[in-house]
1. For the stretch 25-43, which residues satisfy the criterion of being in contact (Cβ under 8 Å) with a residue 12 or more places away in the chain, outside any strand (DSSP E or B) and out of contact with any helix residue (DSSP H, G or I) (no Cβ under 6 Å at 6 or more places or on another chain)?
2. Are any of the residues in the stretch 71-94 open to solvent by less than 20 Å² (accessible area, probe 1.4 Å), more than 16 Å from Gly28 (Cα to Cα), touching a strand residue (DSSP E or B) at 6+ places or on another chain (Cβ under 7 Å) and of a type in the set (S, T, N, Q)?
3. Residues Val66, Val51, Val35, Val77: which one is of a type outside the set (Asp, Glu) and over 24 Å from Phe101 (Cβ atoms)?
4. Just name the residue that is farthest from Asp37 (Cα to Cα) out of those in the stretch 99-136 that are open to solvent by 70 Å² or more (accessible area, probe 1.4 Å) and among the acidic types (Asp, Glu).
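The values are calculated or read from the model by the stated rules, or taken from the named source; none is laboratory data. Just so it is clear, the model here is predicted, and its values are computed rather than measured. FYI the Cβ positions are ideal-geometry reconstructions off the backbone, even for glycines, and counts take in every protein chain you see. These area figures cover heavy atoms from the full protein model, side chains too; ligands, DNA and RNA do not enter into them. Shrake-Rupley method; radii C 1.70, N 1.55, O 1.52, S 1.80 Å.
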Amino acid sequence: RARPAGRAAEMERAATIARQLTAGAMAGSPVTTHVLDTATGRPAAGLALRVSRRKGEGEAASWEPVAEHTTNEDGRVSGLLAGPITAGEVYEIHFETQAYFSARGDKCFYPYVKIVFEIEDPSSHYHVPLLVAPFGYSTYRGS
């Protein structure tokens, strides 16, 4: 039998999951991304990416892949991350930039871009855009 504190935590987690599922039905995912190719001024269509979740802390930490996608013609991924997210979880989006630019016949200084971010409020939506060019990139917390 769960202790009262444990039961309260379970109920809060259930409420958070319910909020995320409701928000996810509208947004498709609690985490989204949009990749724009700033060299062409167009969406980065066909860019492969992988989403991973950190397991453990410090030296013992490792990354568990949770999803693999390719951006659509608008540089977006629908359903980037399925399922609920939890406060304190750390995620990494690994973008395969060299393969993307090589397919266009362009050289690329950064073979990949990794964006690591932490979930603070699981009821919030997290938008992680990437602005990319063969010799530079930028990111920010979008809305």
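1. Those that are in contact (Cβ under 8 Å) with a residue 12 or more places away in the chain, outside any strand (DSSP E or B) and out of contact with any helix residue (DSSP H, G or I) (no Cβ under 6 Å at 6 or more places or on another chain): Ala27, Gly28, Ser29, Thr33, Thr38, Ala39.
2. Looking only at the stretch 71-94, we keep the residues that are open to solvent by less than 20 Å² (accessible area, probe 1.4 Å), and these are 71, 75, 77, 80-81, 85, 90-94.
Applying the additional criterion that residues be more than 16 Å from Gly28 (Cα to Cα) yields 90-94.
Subset that is touching a strand residue (DSSP E or B) at 6+ places or on another chain (Cβ under 7 Å): 90-94.
When the remaining residues are screened for being of a type in the set (S, T, N, Q), the result is none.
Checked against the condition, which is being open to solvent by less than 20 Å² (accessible area, probe 1.4 Å), more than 16 Å from Gly28 (Cα to Cα), touching a strand residue (DSSP E or B) at 6+ places or on another chain (Cβ under 7 Å) and of a type in the set (S, T, N, Q), the stretch 71-94 yields no hits at all.
3. Values: Val51 fails: over 24 Å from Phe101 (Cβ atoms); Val35 fails: over 24 Å from Phe101 (Cβ atoms); Val77 fails: over 24 Å from Phe101 (Cβ atoms).
Selected residue: Val66, the only one of Val66, Val51, Val35, Val77 that is of a type outside the set (Asp, Glu) and over 24 Å from Phe101 (Cβ atoms).
4. Filtering the stretch 99-136 for residues that are open to solvent by 70 Å² or more (accessible area, probe 1.4 Å) and among the acidic types (Asp, Glu), the one farthest from Asp37 (Cα to Cα) comes out as Glu120.
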